Amino acid sequence: MDIQQQAAVSDPARQAGAGGATAAAGTATNGQVIDDVGRLPLVDFHEACGRILSAINTVIDGKEEAARLALTVLLAQGHLLVEDVPGVGKTMLAKTLARTIDCSVHRIQFTPDLLPSDVTGVSIYNQDKHSFEFRPGPVFANIVIGDEINRASAKTQSALLECMEEHQVTVDGRSYRLEPPFMVVATQNPIEMEGTYPLPEAQRDRFMARISMGYPDQRAEMDMLENHQSTSPLADVRPVVGVEDVRAMVATVQDVYVSPAVKEYTVNIGRATREHPYLRLGASPRALLQLLRAAKAAAALDGRDFVLPDDIAAVSEAVLSHRLMLDRKAVTAGEDAPGIVASILAKVPVHGESRRPAV
Amino acid sequence: MTATLDRGQGHGARSGTPEYLAPDNGSRRRLPTGSGPWLMSAAIAAAVVLTAANLNGVIEGWAWLGNIFFTVLCVEAGTALGRALNWPAVAATLLGLAGLIGSVTLMFFASTSFLGVIPGPGTFRALGPMVDQAQETVISQVAPVLATPGIVMVACVGIGLVALLVDTVAVPLQMPATAGGGLLAVLMVPAIIKPNSLGAVGFLAAAIGFLLILGCAQWLAGDDQAPAGTVRAGQFTRAASIGAAALAVTLLLPLAIPGFTSGAFPQGSRLNWLGAPTGLNPIVSLGDNLRRPGAFGRMTYATDSADPLYIRSVTLENLAGARWRPTDSDGVQRSGVERIGTRSTRELMERGEVTTTVISTGSFTSPWLPAPYAPTEVEGLSGNWTWDPRTLAIRGTGNTTSADQEYTVRSVEPALTREGLESAESIDAPVVDDIFTELPDSMPDIIEETTAGVLDGLTEPYEQAMAIQSYLRGPDFVYSEEAPVDGGYDQSGFDVVGAFLEEKSGYCTHYASTMAIMARTAGIPSRIAVGYAPGDETGEVVDMDGRELTEYEIDSRDAHAWPELYFENLGWVAFEPTPGRGAVPDYAQAEVAPVPDPAEEENLNPRAGPTLPLPSAGAEPEAGTGTAAESLAPRLWSAAGVAALLLALLSPMLLRTSRTRKRRTQLLAPAVPERQSALLAWEETLDVAADYGAPSAPEESARAFHQRLAASGAFEGAPAAALERLRTGYEHAAYANPQTLAQPPANSRRWEDVTAVAGRLKARSSWQQRLLGRFLPQSLFRRR
């Protein structure tokens, strides 16, 4: 068992008490006014996002898009799967995102011998009180970083996935709620397959988006060699928003308007994946729901309180690619999932209302 | 995507950008309000009525103009009322249509209607006969047709619809210049049918009407054009060069394009560099005269003859060289025109009636003197004149011509009767000069074959002559001035006769020379008389020595040729083989006019076949419409066809322009919601982009389209900002929550933005693309 605690584990009881604040109007850490339903005004939202992204940027240079997608997933209350070769900064991205927010962060290094109780926590008999006492596991945090999730056994994986889906932990018949914001950032190494348990398709569906880091460009790599020789850049990162701010921001995202035209566009994309000749399995209804939620966050990040078809298109590759199962024909034709998503986007009409103006 | 976020978009919805809040600029085109609709409608009504007045000459008289005036007035009153009440454009047009139906019902179907203006069931029953009547008029009559109720009703409906069209194009579509097309459509009818085309007055009337529409529209539209009084230097140059080009094309096109045989620029109406025709080749001059669009010259004659006279100027009898020519008469010409005539004519003068004719030639210029046959005394001439005893043609010597002469001719008419002619015997010995009987050595076979067929079994000269005349006046032959001029058909060549017998279509020259040659083939001496058919009675009476002479006038279109055949003891006798021209003399009419076979009647040229002598053959002043009755309908159809084709070719442009204007009007309307205006502006932007080669597919989002245009590098500065504003406005309008109070960013200059973007798109496209964008806009075919 290898559980590293990056930040002090908060007392679950204390966290539970703090949960009630989301419903009431109040002042968040940075002094921004949150309105009576817990939303952050769009302008302040925009500003907060800018602060987070620039903070991440100081650590991971040249990965704006990955950082933005990670933030999008956090604000859309989804979970993120980062899949790439070792050493490109997967864990660093997850850690930096967590650090910029003043919230609890746990990291779990998955290994084949990790047990479900190592993730969820365990009930221990308290001899003094003659009763069982629940010791919360590392999953009790706002951001959980699951390193190399495909190294754990299927049983442990599914314990984590249940927490992701249900936002709660059930131990010995008792359920413990996970406080929002709750986000799992899992990393996975696609090339080293020996002794791993690849995530089944059904479970990959639980992740809102999958991103790849990719290698940094030449300038960014040069800078990295220059600046990160001795000290870890992570040490300089200070939280720029509080947990209350994040809750308010999540509420703001939920309030973003989606017009019928955009819903239609989303559904049309979903249908197109199901009818695509190269795909054995298209996007599920849950996938479309997540697509829309991610698009709402992307719209808010762009400073808008309504979703454009462009927002849907912008998050489509990250949200849909890991859920699609390619046909053998696609493999022989040299197609990959992101390419197919792009081709679908190029074919589905953008039905704006103005296309049929009421004149 | 960058981490640096643009706050402007978030703010735009709430604060608005100061530049958008510019006060309402004065460049909006005001729609007619107040007295505007009435003024505009009055201008259109005036224009249509002025144009319709040109139909005089197509329809007889002027009485019908009142009906048309009333109809147009009702139509325009309807549209003006609709607009004055601020009804939608469609309702105003429908009101105009109601005006049309009401007025026509009131005038023509009052007895079968409700309250005089609402068509009842009986009206529709009455409509059929009216339309039939109109159709019959068109088919059976020569322009100008009688103003029967049927034709007037059809004219009223047609002109009323034109008024409605002009109104619709000029006011709701706001294209007053294009509305001129409607007026042009009306003008085309008289231009094609009237032999003199429109004439300056008619054209001016229509032009004034058009200018009235333009002026009114401009005045009501306000000052969105250049400020009054400032004429940019380029404008004058441009106007002058366009005018010069139009003039050049107008002059040069008729030279280059064959096929126009009537109307304003018929074939043969070439620029005549040498001035008036000299008459050296009488037949060619004659053909030219017949095809000339307008009559020119005016010759009058006053005669005491009961019937109008053929005025003869020269005879063609010389077939040497296989073409008709006047005889070379230098050796035999005699001087002293005060006493003309051979012994036979002197005898005739003593016992026959002497006709006295006073002729004033005006500008008719010819070496030969026009005179009725057979002249015996000519007085009052100036210059040197001689006469040919064989033909009695009077010719000036030296520079003496017939121009500006006024003289008195005494002539004798041989008292010809059918009985006398029938008794004429065939000529055994040549009593006339050989020149009247000569035939070329080789003739087209068809001449002899046809003659043999026509004269089958006939031996008497008169019977033979009558058979030839009847054959040529028969239903097989069609009078036409559209004979192919370029193929030498127009010439006096001999081969033309063979061609004519095959074509069975031509004009008087062909008929006359064919009859003359067929007569010679049959052994009858013949010649062709060239001159003028009896003209129109002027209504004047000239008093001469106590006798009253009836005055007639002739113009160039009365030019005519007819054959004269020689009969023993009788002399030269004129025949009239040309259908539809002149008058057939009593003696040259068949004893009993054969009744045409009803089955064939439809094919008959209405003028063909034996006809009763017309008391005034000049009642049909224009030879060009000799077959007009038959060709009126086809011409109308072809005019309509051309108009429809033109309209079809221009319809993409018109459709596109009207779409833009509609959007503009909607967008600039004072109370238009921001949301709708943004959608309209964006839709127009996409259309313009499609027109100028940057179409946006339905799969492309507004933002992607914007980025693509921006990436092409064509957009910088103001147009780029305009495009950005349009796109942002559209995105808000199309996708933002319509329930929230936040409207799209207010943009009072949205249409200016569209114009700026359109200008940029246009500027960066090639000229082919611009041309295509104008006349075949791709946006009409854009997938939406």
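Can you give me the distance in nm between label points at B:L115 and B:L646, each placed 7 Å from the Cα along the Cα-to-Cβ direction?
Using points 7 Å along Cα→Cβ, the separation is 4.0 nm.
Can you list, bin by bin at 5 Å, the percent of alpha carbon pairs in region B:54-131, starting at 0?
Going from the shortest bin to the longest, the percentages are 3, 16, 18, 18, 20, 14, 8, 2, 0.
Any idea how far apart A:V267 and B:Q218 come out in nm if each label point goes 7 Å out from Cα toward Cβ?
5.6
Taking amide H atoms as placed 1.01 Å from N in the peptide plane, list the residues 5 or more away in sequence, or in a different chain, whose amide H sits under 5 Å from that of B:S480.
Residues meeting the amide H criterion: B:G506, B:Y507.
Tell me which residues come under 5 Å, amide H to amide H, from A:V350 once H is placed; ignore anything under 5 positions away on its chain.
Those lying under 5 Å, H to H, from A:V350 are B:E699, B:E700.
Want the number for B:K504 to B:L146: 0.36 nm per residue separation, take away the alpha-carbon distance, what's left?
Length difference between fully extended and current span is 125.8 nm.
In chain A, if every C-alpha pair distance is counted and binned at 10 Å from zero, what percent goes to each bin?
Using 10 Å bins, I get a P(r) of 5, 23, 32, 26, 11, 2, 0, 0 for chain A.
May I ask you to derive the FRET efficiency for B:L772 and B:D445 from their Cβ-Cβ distance with R0 = 56 Å, giving the value to the nearest 0.05?
On the way: r = 58 Å, r/R0 = 1.04.
Efficiency, from the Cβ-Cβ distance: 0.45.
Lysines near A:K263 by alpha-carbon distance under 26 Å, same-chain residues fewer than 8 away left out - which ones?
Counting by Cα, and skipping residues close in sequence, A:K263 has these lysines nearby: A:K296, A:K347.
Which distance in nm do the two modelled labels at A:A346 and B:E406 give, with both placed 7 Å along the Cα-to-Cβ direction?
Each label point lies 7 Å from its Cα, and together they span 9.3 nm.
Provide, for q = 0.12, 0.14, 0.15, 0.18 Å⁻¹, the log10 of I(q)/I(0) from a solvent-free Debye sum over equal Cα point scatterers in region B:639-784.
Reported log10 I(q)/I(0), two decimals: -0.51, -0.68, -0.77, -1.05.
To the nearest 500 deg cm²/dmol, what mean residue ellipticity at 222 nm is calculated for chain A from DSSP H runs of n ≥ 4 alone, each contributing -39,500 (n - 2.57), summed and divided by the residues?
-12500 deg cm²/dmol
If you count the DSSP beta bridges with both ends in chain A, what percent of them are antiparallel, to the nearest 5?
So the antiparallel bridges in chain A amount to around 45 percent.
Report, by chain and number, residues whose modeled amide H sits under 5 Å from the one on B:I59, excluding near sequence neighbours (fewer than 5 apart, same chain).
Sorted by chain and number, the residues that satisfy this are B:V145.
Rule-based calculations on the coordinates, nothing more; no lab input. Quick caveat, the model's predicted, so the values are computed rather than measured. Glycine gets a Cβ as well: all are built from the backbone with ideal geometry, and neighbour counts include every protein chain shown.
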